[in-house]
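Structure first, commentary second.
The values are calculated or read from the model by the stated rules, or taken from the named source; none is laboratory data. Since the structure is predicted, the reported quantities are computational estimates derived from the model, not experimental observations. Cβ placement follows ideal geometry from the backbone for every residue including glycine, while neighbour counts extend to all protein chains displayed. Ligands, DNA and RNA are stripped out before the accessible areas are found, and what is left, the full protein with its side chains, is counted by its heavy atoms. Shrake-Rupley method; radii C 1.70, N 1.55, O 1.52, S 1.80 Å.
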Amino acid sequence: MARFKAKPPSGAAEKPKNPKPTAAERSAYFARREAAKVLRSVLQGDARRRAVGSIKSLVYSPSIKNKKATFAIVCQTLKHLPIVKDVLETANILNSRWKRQEELVYIITYDILFGQEISFIGDAEKFLVQRKSSLRSALARLLVRKKVKSIEDLIDFYQTPDVSKPRYIRVNTLKLDVDSALIELGKQYMVQKDDLVPDLLKLPPKCDLHNHPLVMNGSIFMQGKASSMVAAALAPEPGWEVLDACAAPGNKTVHLAALMRGKGKVIACELNKERIKRLQDTVRLSGADNIEVLHGDFLSLDPNDPPYSKVRAILLDPSCSGSGTVAERLDHLLPSYAAGQAANIDEAERLNKLASFQKKALAHALSFPQVERVVYSTCSVHQIENEDVVKSIVPFAASHGFQLATPFPQWQRRGLPVLEGSEHLLRTDPVEDKEGFFFALFIRKDRTMVHQSSKPGRTIRDSSHLSSVETKRCLHRREARITIPILFSGMFKRQLYCKPKSRLN
Ligand SMILES: C[S@@+](CC[C@H](N)C(=O)[O-])C[C@H]1O[C@@H](n2cnc3c(N)ncnc32)[C@H](O)[C@@H]1O
């Protein structure tokens with residue numbers, strides 16, 4: 001692979017010496033376009049964790065003519081992709097026309113920076129060759145920024161675990177205001193306010209704050225940006241009753257309490273006995289006195305029981321695969337990652353089980369009579385735990401008067417386009433944003449919709465995601481206004497068995 005040498009800037013367009021393209025030029029032109037097609041499938045499949053095939057199988061499909069060249073171009077471009085993307089972003093030369101052909105742009109940029117010096121034919125080639133000096137100087141700046149001397153070092157840099165993740169801290173406004181935290185931390189670090197979440201501060205990567213007095217006394221919490229966006233998206237009002245359905249270790253629970261300025265009540269439900277202790281510690285550290293810790297199964301809470309019938313907002317952050325927080329820098333680019341996962345039966349089974357619970361829990365959250373806002377969140381990159389869960393629940397949500405709303409409209413990365421309304425969903429990217437989170441916000445404006453039957457002619461086709469309480473309610477939808485769970489013998493057992501084990505404070 002070529003080592004980078006800064007070349008003298010040459011901004012002028014390179015006019016082909018020979019106006020008639022040579023056979024080699026023509027062949028390179030077509031190979032780049034074939035490669036762009038393959039790269040598009042690879043990257044799209046990978047982004048959806050639904051690879052349509054391995055690179056090889058895509059290249060060796062009958063539609064690709066120049067297989068050898070296409071394979072080489074795709075592999076080399078993928079290997080250099082993080083660098084190419086960074087360079088293009090720094091050089092800031094792409095208009096919307098070329099952004100629509102980004103795979104071709106990646107390939108040509110790779111060729112310009114690291115490939116063979118050949119003359120370029122084609123509009124995209126001409127556009128980028130004319131900006132060769134901007135690309136080269138952006139690459140030189142990238143080397144300086146990453147403090148490396150060669151392209152090999154730069155590739156290593158991208159392959160090693162990410163060290164460029166900023167340290168985010170959330171100010172616990174129950175104990176300290178944001179400006180005071182800024183001043184206090186500013187004595188030691190470069191601190192700035194986050195542009196999206198008002199109580200979030202951004203510090204340089206690798207700041208070790210574990211033993212900082214403000215962390216030790218609960219004035220600030222070390223909480224990532226995506227995680228802090230979840231409670232902020234729910235936006236509970238002071239005085240409300242709010243349920244954190246799957247609460248431990250409690251980072252979002254105490255954020256909710258702070259957003260409510262300590263007024264109202266947060267019920268923090270957690271199933272796992274071992275994790276209850278962590279949750280209690282977090283609550284204690286936060287100083288919040290309006291949090292009630294509940295040891296039990298969220299699915300077993302009866303929405304119509306007096307303690308829950310007044311709940312206005314629910315934060316549902318259920319157990320998930322956690323795939324969005326695994327720092328696999330380059331793996332996200334490779335179909336082998338997705339293919340490997342799909343082929344892994346255990347993993348597929350695990351994801352199915354998780355998704356099945358997530359669907360039940362989301363349907364259950366939407367069935368609380370006074371609830372106006374529900375946030376569903378995961379730290380997973382898998383469509384099956386994210387868009388697929390939401391998609392399967394949308395008809396049920398609509399029948400209860402809920403619609404998807406758009407949290408943080410200014411945020412660019414939205415849901416995968418696999419359902420109507422995907423633009424309302426929010427994703428963070430494990431590479432670009434350093435962590436892969438997903439969340440959806442459901443809002444009900446008209447609470448008279450509670451327990452209303454579905455529109456005539458509209459059937460809930462798949463009720464497998466519903467908890468048994470909800471399934472029975474759907475089946476007996478006409479009588480749903482009077483729900484007498486104990487009429488159903490199986491469920492009665494379940495209700496008794498699953499009754500919250502204890503309430504702790
Ligand atoms: C992703 S973690 C929640 C993280 C938490 N929201 C935070 O930000 O600190 C999911 C939690 O849900 C709990 N959980 C799983 N199933 C549950 C259920 N049926 N009822 C209540 N909690 C459950 C798990 O034990 C785990 O602690």
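Within the stretch 368-377, track down each residue that is open to solvent by less than 10 Å² (accessible area, probe 1.4 Å) and under 18 Å from Gly421 (Cβ atoms).
Going residue by residue through the stretch 368-377, those that are open to solvent by less than 10 Å² (accessible area, probe 1.4 Å) are 368, 371, 374-377.
Listed by number, the residues that qualify are Val374, Val375, Tyr376, Ser377.
If we only count helices (runs of 4 or more DSSP H) wholly inside the stretch 215-322, which ones have 3 or more residues that are modelled with pLDDT under 95 and open to solvent by 10 Å² or more (accessible area, probe 1.4 Å)?
Those helices (runs of 4 or more DSSP H) span 273-286, 306-309.
Check Ile169, Ile155, Ile220 and return the single one that is farther than 28 Å from Phe439 by Cα and hydrophobic (A, V, I, L, M, F, W, C).
Working: Ile169 fails: farther than 28 Å from Phe439 by Cα; Ile220 fails: farther than 28 Å from Phe439 by Cα.
So the residue among Ile169, Ile155, Ile220 that is farther than 28 Å from Phe439 by Cα and hydrophobic (A, V, I, L, M, F, W, C) is Ile155.
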Looking for something free of Cβ contacts under 8 Å to residues at least 40 places away in the same chain, touching a His at 6+ places or on another chain (Cβ under 8 Å) and in a helix (DSSP H, G or I) - is there at least one such residue anywhere in the stretch 390-412?
no
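Just checking, how many residues over the stretch 204-253 are more than 19 Å from Leu285 (Cβ to Cβ) and within 10 Å of the ligand (Cβ to nearest atom)? Explain how you work it out, then say what you get.
Start the filter on the stretch 204-253 by keeping residues that are more than 19 Å from Leu285 (Cβ to Cβ), which leaves 204-207, 225-226, 229-230, 232-243, 245-246.
Now narrow it down to the ones that are within 10 Å of the ligand (Cβ to nearest atom): 230, 245-246.
Number of matching residues: 3.
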Search result, residues across the stretch 163-173 that are open to solvent by 50 Å² or more (accessible area, probe 1.4 Å) and either within 12 Å of Gly224 (Cα to Cα) or in a strand (DSSP E or B) (or both)
Lys165, Arg167
Can you list residue pairs whose Cβ atoms sit under 9 Å apart, with the first residue in the stretch 184-211 being within 20 Å of Lys252 (Cβ to Cβ) and the second being aromatic (Phe, Trp, Tyr) and not in a loop (DSSP other than H, G, I, E, B)? Count only pairs 6 or more apart in sequence or on different chains.
Asp194/Tyr168; Val197/Tyr168; Leu200/Tyr168; Leu201/Tyr168; Lys202/Tyr168
Just one of the numbered conditions (1) modelled with pLDDT under 95; (2) small (Gly, Ala, Ser); (3) surrounded by fewer than 21 Cβ atoms within 10 Å (Cβ to Cβ) is not true of Ser380; which one?
(3)
Screening Leu196, Leu185, Leu143, Leu176 for residues that are over 27 Å from the mean Cα position of the chain (by Cα), open to solvent by 10 Å² or more (accessible area, probe 1.4 Å) and under 30 Å from Gln223 (Cβ atoms) leaves only Leu176
Residue list for the stretch 434-450, filter: assigned to a loop (DSSP other than H, G, I, E, B) and open to solvent by less than 40 Å² (accessible area, probe 1.4 Å)
Glu435, Gly436, Phe437, Val450
